[in-house]
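Structure record follows, encoded as structure tokens.
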Amino acid sequence: MEFVDALINILNSTIRVSVPLLLACLAGLYSERAGVFDIGLEGKMLAGAFAAGAAAAVFGSAWIGLIMAVFVSVGLALVHGFASITHRGNQIVSGVAINFIAAGSTIILGQAWFQQGGRTPSLPAEDRFGAIVLPFADALRDVPIIGQLYSGLLSGHTLLAYLAFLAVPFTWWVLFRTRFGLRLRAVGENPAAVDTAGISVSWLRYRAVICTGVLTGLAGCYMALSQNAGFVKDMTAGRGYIALAALIFAKWKPVPAMFACLLFGFLDALSIRLQGRPLAVFEWLPVVVAVLVLAGLMTIARWKPLRSIIAAVLVGIAAAWLVSVFYGGLTAAFQNSVLGAPIRVPVQLMQALPYILTVILLAGFIGKAIPPRAGGVPYVKER
Amino acid sequence: MKRIFLGLLAATALSFSAYAQEVKPALLYDLGGKFDKSFNEASFNGAEKFKAETGIEYVEFEVSNASQREQALRRFAEDGRNPIVMAGFSWAESLEKVATDFPDLKFAIIDMVVDKPNVRSLVFKEHEGSYLVGIMAAMASQTKKVGFIGGMDIPLIRKFGCGYVGGAKAAGATEVIQNMTGDTPAAWNDPTKGGEIAKTQIDQGADVIYAAAGGTGVGVLQAAADAGKLGIGVDSNQNGLQPGKVLTSMLKRVDTAVYNAFMDGKNGTFEAGINNLGLKEGGVDYAMDENNKDLVTEEMKAAVEKAKADIIAGTITVHDYMSDDSCPY
């Protein structure tokens, strides 16, 4: 069962890495669906992470950290809203400005308050969000496969990780099953029609931007208080931009957004494990297969629920094969054949794989990604 | 009137003392920042020690991208700063040019050899220090599997890794899992990724993890401590970052090197050339303090002290990765 353990480990790692991406991606979804492009996800996450780290260090509570993170990121989101909704400024410029403000001010404030070169003090375990063990996780640990999956994979994440994955169906429900969601989507496609119906375009867009702020705050808080123990300068390291790429990849839909983030997370986790191992030819086959499955997945991806489930199962099988080759005993069987010749692929290639894949899939497989029609255009009332 | 006179007097005295010193040292940090709790912070500490002892101010510069390097260095040189000390191998290229243009100034570079008549190259035998912490890691490990996490994938960091593997294997480790964080300078400052790699290694069975990764190491030590495993710090004494969870730190006396360069500049005894600082010269060591004294058993201490004596005596030679770009262990 060594192989199941290995599979669980790699999937676990995937989940941990994907959470901030997923939260940021959903954040972008709200805003962009309402017609406000937001390149400032990165900055809002960073500011949120700083606020969480700083507040948790000062007040000694993860919850106050969480509240402050959301508060600060909503604040920045409102600045973006003020510039681009009320004053009809250029949304890209405003977003970039927010990124710069966040990158600079977090370091300056961190240095001024804590004198540790822009980092916040390391937090003790009780001031962070710890792992939540789901009920019966310990009892089920020895049940093969199902029990292992439950106790190893589903249990043992932090509150914010569960929240991130619950936010996916919630977002779907809000956007596609509520009146607010319908209007929000409408305002991103055709704000004039919404306006004609007597609904305020700016108030709707402001609300969307606030949702963005809340979610980026959670993403930042996850990075500072769950993954790490405090804020470190530039700790988001471009994840906000990757989230934007995932959003385009997912064609602005919540469930595909989740898969896209998991895909990026999976490749990231895989690259850590593949690093520095010379792999035999046959060991590369599963990697190729996994990529092809994912590509195929994106082609059929109209994301009807049934197809999504089938797709997820396929990805799972590919992942399982991949891991089994690594940890299982296939090596011996092929050792002396041509297929057993080791190929050392540079780490750089593995690390670039998520990005290469994005380009290939975007260019050839998933078809045209059409953004909300009114995206990026400030709404001007006709007079 | 009296006050003005006193003020003038004080000003004259000050300017006189400034002339008398005639040393205006400068320190340039590498990416990762002054307070990385590791390499750069060690050089900062050395400079601070110099300042505290002599009362001489120094100027400093933190780079945020590679294009600033030559500009910053040249500006300090034009100001007549002397000696100018650079922390980090990445300065070499800029230094080659600037050192030629300013033959009268004294430069020192850490972690790199620049062959100029006015440059002191300070390199360390990190493999020797890493060998010692490798021995401790293997002895502290229950699983006999230990981990190594490097920052940016460069020969210098592989040198750390190779020495560590040598020590660990010598003390009975069966496997050393090695990972690098990345290939760009950003790898020195990504604690999230560092933590994730540490968790991966722990999943694979490692229970003592050595981080030679600058600011990224903070995340590694954190993840190891969270999982109830042990970390090993690098460059500065990082035992206090996770008290009781950091087995030891591989000390690289960057602080002493910076301090000596400044001091020699002040005393007029600055000599150029290559300084290769190993265990013998006190350039590398392992850290013992309040935070890790309960983790290190008498047996471990005896073994590591013996290895240290053997390396100094020359009966053990630790392989230097950079001598032939390979690791025999």
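The values are calculated or read from the model by the stated rules, or taken from the named source; none is laboratory data. Computed from a prediction, not measured in an experiment: that's the story for all the values here. Positions of Cβ are generated from backbone atoms using ideal geometry, with glycine treated the same way; all protein chains shown enter the neighbour counts.
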| Would you call A:ALA237 within 15 Å of A:LEU160 (Cβ to Cβ), at pLDDT below 90 and either away from chain B (no Cβ under 12 Å) or not in a helix (DSSP H, G or I) (or both)? | no
| note | Among helices (runs of 4 or more DSSP H) completely within region B:32-141, the ones holding 1 or more residues that are over 30 Å from B:VAL246 (Cβ atoms) and touching a Ser or Thr at 6+ places or on another chain (Cβ under 7 Å) are B:68-78
| query | Which condition breaks for B:LEU28 when tested against (1) within 28 Å of B:PHE270 (Cα to Cα); (2) at pLDDT below 85? | reply | (2)
| task | Scan B:ALA313, B:ALA261, B:ALA287 and give me the residue that is over 26 Å from B:GLU96 (Cβ atoms), out of contact with any Ser or Thr (no Cβ under 9 Å at 6 or more places or on another chain) and small (Gly, Ala, Ser). | result | B:ALA313
| note | Counting only residues in region A:126-139 that are without any contact (Cβ under 8 Å) to a residue 24 or more places away in the chain and among the hydrophobic types (A, V, I, L, M, F, W, C), the one surrounded by the fewest Cβ atoms within 10 Å (Cβ to Cβ) is identified as A:ALA139
| message | Against the definition (in contact with a Lys or Arg (Cβ under 7 Å, 6 or more places away or on another chain), within 13 Å of chain A (Cβ to nearest Cβ) and not in a loop (DSSP other than H, G, I, E, B)), how does B:ALA198 come out, yes or no? | response | no
| message | Testing B:MET152 on (1) at pLDDT 90 or above; (2) over 17 Å from B:TYR329 (Cβ atoms), one condition comes back false. Which one is that? | response | (1)
| said: Whether any residue in region A:230-248 is more than 14 Å from the chain's Cα centre (by Cα) and among the β-branched types (Val, Ile, Thr) is what I want to check. | reply: yes
| If B:GLU175 satisfies every condition in (1) within 13 Å of chain A (Cβ to nearest Cβ); (2) free of Cβ contacts under 8 Å to residues at least 40 places away in the same chain; (3) under 30 Å from A:ARG119 (Cβ atoms) but one, which is the exception? | (3)
| task | Looking only at region B:179-195, count how many residues are modelled with pLDDT of 90 or more and either surrounded by fewer than 24 Cβ atoms within 10 Å (Cβ to Cβ) or within 7 Å of chain A (Cβ to nearest Cβ) (or both). | result | 1
| query | Would you pick out the residues in region A:12-44 that are away from chain B (no Cβ under 11 Å), of a type outside the set (Val, Ile, Thr) and surrounded by fewer than 22 Cβ atoms within 10 Å (Cβ to Cβ)? | reply | A:PHE37
| message | If I go through region A:154-199 residue by residue, how many of them are surrounded by fewer than 13 Cβ atoms within 10 Å (Cβ to Cβ) and polar (S, T, N, Q)? | response | 2
| request: Look at region B:45-69 and say how many of its residues are among the hydrophobic types (A, V, I, L, M, F, W, C) and in contact (Cβ under 8 Å) with a residue 40 or more places away in the chain. | output: 4
| query | Can you list the strands (runs of 3 or more DSSP E) found entirely within region B:212-289 that contain at least 1 residues being within 14 Å of chain A (Cβ to nearest Cβ) and surrounded by 24 or more Cβ atoms within 10 Å (Cβ to Cβ)? | reply | B:230-235, B:246-252
| Within the group A:ALA229, A:ALA246, A:ALA219, which residue is more than 14 Å from every other protein chain (Cβ to nearest Cβ) and in contact with a helix residue (DSSP H, G or I) (Cβ under 7 Å, 6 or more places away or on another chain)? | A:ALA246
| request: Go through (1) of a type outside the set (Val, Ile, Thr); (2) farther than 21 Å from A:THR171 by Cβ; (3) away from chain B (no Cβ under 14 Å) one by one and return the number of the condition A:ALA49 breaks. | output: (3)
| Taking the stated definitions as given, is B:ILE149 within 14 Å of chain A (Cβ to nearest Cβ) and not small (Gly, Ala, Ser)? | yes
| query | Is there a residue being touching a residue at least 24 places away in the same chain (Cβ under 8 Å), of a type in the set (Val, Ile, Thr) and not in a helix (DSSP H, G or I) anywhere in region A:140-152? | reply | yes
